Amino acid sequence: MNPSTPPRLRSLLHGLLLLALFLGLAAPASAFPIFARKYQTSCVTCHSVYPKLNPFGEAFRLNGYRMPKETEDLIKQKPVSLGSEAYKRVWPDAVWPNELPGNAPVAVNVKMANVYTSSTDASGGKTIVHNDFQFPQEVNLFAAGTLGEHMSFMAELTHAEGPDGGSGTEIEHARLGFESLFGPEHAFNVRMGKFAPNLYAGFQEMWLMTDNGVDSLFNYNPVGFKGGTGVITDGAGIVSLPARVRGIEVYGVLNHRFFYTFGFSNKIGPGSGVATNTGDGSTQGTPGNFGANNHKDIYLRLDYKFGGMGLDGDTEGVQMPPENWREKSFRIGVLALKGNGTNIDFIATDANGPILDPSDNPYHMQDTSYTRTGLFASWTYSDLNVFGVYLSGKDTLETRSADGLTLYATDDRTYKAYFVQADYVLAPPFHLSARYEKLTPGDTTVQPVKVSNYNFTYLAAANLKFMLEYNKSEQAGVGTNKSINTVIRAAF
Amino acid sequence: MSKTLLLTALGLGAALCAQAGDIHGKVTCKGVRDSADAVVYVAAIPGKTFAAPAAHAKMDQKNLVFIPHVMAVLAGTTVDYLNSDAVLHNVFSPDACCDKFNLGTWPQGQSKSYTFKKECAATLLCKVHPEMEGFVVTSPTPYFAVTKADGSFTIPNVPDGAYTVKVWHPKCKPSQKAVTVAGATAAAFEIAK
């Protein structure tokens with residue numbers, strides 16, 4: 001932080017950093033034993049190692065939590081009728097009939113971690129925390145299910161406890177889905193609410209087997225005096241790719257193998273801004289609450305899957321092995337997101353902290369136009385799944401006075417990030433994962449961020465797993481962070 | 001008993017069976033939990049009519065459920081709907097084949113009636129409790145049966161002859177096929193949603 005940073009501002013930034021750290025711990029963790037109960041089937045029907053989905057699980061998810069070609073006899077928990085099917089014939093003289101899940105569609109995930117961290121700053125100073133028992137690190141309460149033939153829902157309430165004992169509760173997901181509304185089955189689905197968009201299908205945290213998410217994609221803040229400087233903290237980089245959004249999304253699977261999605265959304269996240277600028281010099285809104293402007297992000301993704309099970313679960317003409325995590329397939333997709341952060345003020349910073357104007361007030365910045373374009377690929381060959389994303393970002397950054405009224409400069413900054421991850425099933429209970437990430441920030445005066453992540457998972461039971469994960473993040477001139485997490489997660 | 005007498009008795013028995021056989025078999029409803037409540041019946045026989053029974057059939061409404069869930073009756077049969085619950089019930093049908101009747105609402109212990117005049121698969125609903133549903137399937141012949149949970153059925157006393165046999169199920173598409181009855185005759189049906 002710049003030595004001339006005013007104390008009040010320093011304290012605000014510290015507060016935001018702690019908040020971001022806390023929210024970073026509240027990583028989405030998606031495993032829904034609700035469906036194990038509903039279908040009386042094991043978690044490994046859909047997950048190779050939860051929350052990572054196998055091909056059948058991905059089809060189940062895209063079908064709105066319904067099995068491919070689902071029939072009534074597959075559902076062991078008889079739903080509660082909210083009206084006889086025949087009422088469809090008398091509508092609008094009666095309410096359209098629907099169904100409720102047979103039992104309360106609730107599940108719990110508990111995650112406990114023993115954390116070892118080591119941080120080395122640019123001058124060689126080292127901070128080590130040995131064996132921090134984060135018991136629990138988080139508890140997730142899930143609700144998910146279907147409401148009749150064309151509706152589904154999912155909600156997640158997460159309570160997380162930070163290393164310092166602080167805790168917080170957040171609604172991470174709350175969405176309604178409307179499936180196969182018209183046209184061929186699976187072709188046209190809509191969902192709305194707070195959710196992880198299908199823009200990230202296959203690589204958002206809630207679908208990864210690793211404990212750490214892909215920070216270089218999701219936790220980079222591109223706003224900075226000369227462009228973004230790197231991964232700031234977990235959860236802080238909501239301007240790069242919003243891990244979750246409040247929005248409306250359309251998606252579908254056509255001809256079994258073509259997947260599309262597009263949506264309109266607000267971003268969600270703590271941000272690193274100060275407030276929403278009303279344009280007349282005053283500010284309003286919660287500091288750092290990015291997305292509180294009139295503009296919506298728009299996004300689009302198009303995928304095609306070659307070989308293996310169809311994205312809707314279709315297996316016609318495909319010879320699938322009995323091991324349900326295996327297949328020979330290749331999926332490729334392109335993704336794009338465009339947004340506008342006009343009137344949302346961020347403090348202008350560089351690698352050393354806020355940049356002050358001659359009056360000792362920090363410059364403010366607005367990201368008035370940003371685009372993200374990326375390429376996703378996933379190759380599965382028997383027990384091995386290699387996947388990754390290449391992402392390119394462009395931001396139009398306006399540097400303004402602290403009151404936001406004076407525009408000093410407009411600059412276009414670009415950054416790029418990629419990761420490649422290999423997951424391998426040694427045997428059904430034993431899984432390995434290795435990931436490499438690289439982020440080249442928009443600020444050309446700073447060095448790239450390189451992240452390595454290695455995971456060994458023992459699936460002790462279909463709903464209980466132990467993970468040993470090593471993560472190393474380094475940026476020349478800034479420092480190195482290492483962590484070894486021993487994690488136990490149970491879903492019930 | 002002499003050998004001749006025994007053969008005569010067996011031959012006579014066989015002849016009697018042939019005159020009043022049955023149609024038995026199994027209905028398989030694919031994709032639903034079980035194959036109960038399918039109605040199998042002999043379709044209208046050209047040139048033959050059957051008198052409606054004088055006795056009323058009875059369908060109860062108890063614990064917010066139509067009992068039985070599916071009833072098969074001969075055309076012309078009157079069905080009495082009894083309310084055995086302490087709450088009000090109503091019975092109506094959205095189906096044109098039974099004139100979309102609506103019997104109104106009545107309290108515990110009382111019943112109302114409707115006469116099913118022609119072949120019909122009538123859905124019965126209760127406006128007070130939308131989840132309640134029952135079915136009355138009206139057969140043009142007295143040769144009908146409702147399947148058990150395993151899908152099995154027996155239609156007794158069907159005269160020998162060639163018939164069209166229809167099958168109906170609350171959740172599966174109806175079907176029909178030709179069946180020639182000669183004594184005890186087996187017939188299987190496979191239907192789906």
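No value in this document is a laboratory result; all are computed from the given coordinates. Since we're looking at a predicted model, the values are computed, not measured. Cβ coordinates were reconstructed from backbone atoms using ideal geometry, including for glycine residues, and neighbour counts include every protein chain displayed.
Distance cut-off 26 Å, Cα to Cα: go down the list A:K38/B:K166; B:K148/B:K171; B:K127/B:K177; A:K328/A:K450; B:K112/B:K166; B:K26/B:K112 and report the pairs above it.
In this structure, A:K38/B:K166; B:K127/B:K177; A:K328/A:K450; B:K112/B:K166; B:K26/B:K112 lie more than 26 Å apart at Cα.
So what is the calculated 222 nm ellipticity per residue for chain B, using -39500 (n - 2.57) for each DSSP H run with n of 4 or more, over all residues, to the nearest 500 deg cm²/dmol?
When only DSSP H runs of four or more count, the value is -3000 deg cm²/dmol.
Around A:R191, what is the net charge, scoring Lys/Arg as +1 and Asp/Glu as -1 over all other residues with Cβ under 11 Å from its Cβ?
That works out to 0.
Averaged across the residues of B:128-138, what count of C-beta atoms belonging to other chains lies within 10 Å of each residue's C-beta? Could the numbers behind the result be given before it?
On the way: counts 0, 2, 11, 8, 3, 7, 1, 1, 0, 0, 0.
What the average comes to for B:128-138 is 3.
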> Across 5 Å bins from the origin, how do the percents of Cα pairs in the stretch A:333-472 run, short distances first?
Replying inline: 2, 9, 13, 14, 14, 11, 10, 9, 7, 6, 3, 2, 0
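Stokes-Einstein D for chain A at 37 °C, 0.692 mPa s, Kirkwood Rh over Cα pairs, in µm²/s?
Values: Rh = 23.6 Å.
Approximately 139 µm²/s, per Stokes-Einstein.
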>> Cα atoms only: what Rg and Dmax, in Å, come out for chain B?
In response: 19.3, 70
>> Based only on other Cβ atoms within 10 Å, what is the fewest-to-most ordering of A:I344, A:I484?
In response: A:I484, A:I344
> Expressed in nm², what is the orientationally averaged projection area of the convex hull enclosing the Cα positions of the stretch B:86-193?
Replying inline: 8.5 nm²
> Near A:K465, which lysines are there with a Cα under 21 Å away, not counting those fewer than 8 places off in the same chain?
Replying inline: A:K52, A:K111
> Cα to Cα, under 19 Å, and not fewer than 8 places away if on the same chain: which lysines meet these conditions relative to A:K338?
Replying inline: A:K194, A:K267, A:K296, A:K394, A:K416
> Between the stretch A:53-120 and the stretch B:130-150, what's the alpha-carbon centroid distance in Å?
Replying inline: 32 Å
> When Lys and Arg each count +1 and Asp and Glu each count -1, what net charge do the other residues less than 15 Å away from A:P441, Cβ to Cβ, add up to?
Replying inline: -2
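Rounded to the nearest 500, what is the 222 nm mean residue ellipticity of chain A from helices alone, with -39500 (n - 2.57) per DSSP H run of 4+ residues and division by all residues? Numbers along the way, then the final one.
On the way: 4 runs with 38 residues, N = 492.
Value at 222 nm, helices only: -2000 deg cm²/dmol.
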> With chain B treated as a Gaussian network of Cα nodes joined by springs under 10 Å, which of B:G25, B:G161, B:G47 yields the largest mean-square fluctuation?
Replying inline: B:G47
> Net charge near A:G313, counting Lys/Arg +1 and Asp/Glu -1 over other residues with Cβ under 14 Å of its Cβ?
Replying inline: -3
> Roughly how tilted is helix B:3-19, in degrees to the nearest 10 and between 0 and 90, from the longest Cα axis of chain B?
Replying inline: 30 degrees
>> Give the average over all directions of the projected area of the C-alpha convex hull of the stretch B:19-89, one decimal, in nm².
In response: 7.6 nm²
> Near the amide H of B:G21, under 5 Å away, which other amide H atoms are found, from residues 5 or more places off or on another chain, if H is placed in the peptide plane?
Replying inline: B:V158, B:D160, B:G183
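Only bridges with both residues in chain B count here: give the DSSP antiparallel percent, nearest 5. Spell out each step's value before the answer.
Working: 38 of 57 bridges.
Antiparallel bridges make up about 65 percent of those DSSP assigns within chain B.
For B:W106, A:W207, what ranking results if the residue with the fewest other Cβ atoms within 10 Å of its Cβ goes first?
Numbers: B:W106 17, A:W207 20.
By the 10 Å Cβ count, ascending, the order reads B:W106, A:W207.
Using alpha carbon coordinates only, what is the Rg to Rh ratio of the stretch A:422-469, with Rh defined as the Kirkwood radius? The partial results should precede the final answer.
Values: Rg = 15.7 Å, Rh = 12.7 Å.
Over the Cα atoms of the stretch A:422-469, Rg/Rh equals 1.24.
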> So for A:M151, A:M467, fewest C-beta neighbours within 10 Å to most, what's the order?
Replying inline: A:M151, A:M467
> Whole-Hz Karplus ³J(HN,Hα) for the stretch B:148-159, in order, using 6.51 cos²θ - 1.76 cosθ + 1.60 and θ = phi - 60°, x for Gly and Pro?
Replying inline: 7, 4, 8, x, 6, 8, 9, 9, x, 6, 8, x
>> If you fit an axis through the alpha-carbon atoms of helix A:7-25 and take the longest principal axis of the Cα set of chain A, what angle between them do you get, 0 to 90°, nearest 10?
In response: 20 degrees
> So what are the ³J(HN,Hα) numbers for the stretch A:301-313, from phi and the Karplus equation (6.51, -1.76, 1.60; θ = phi - 60°), rounded to whole Hz, Gly and Pro as x?
Replying inline: 9, 10, 10, 9, 10, 9, x, x, 6, x, 5, 9, x
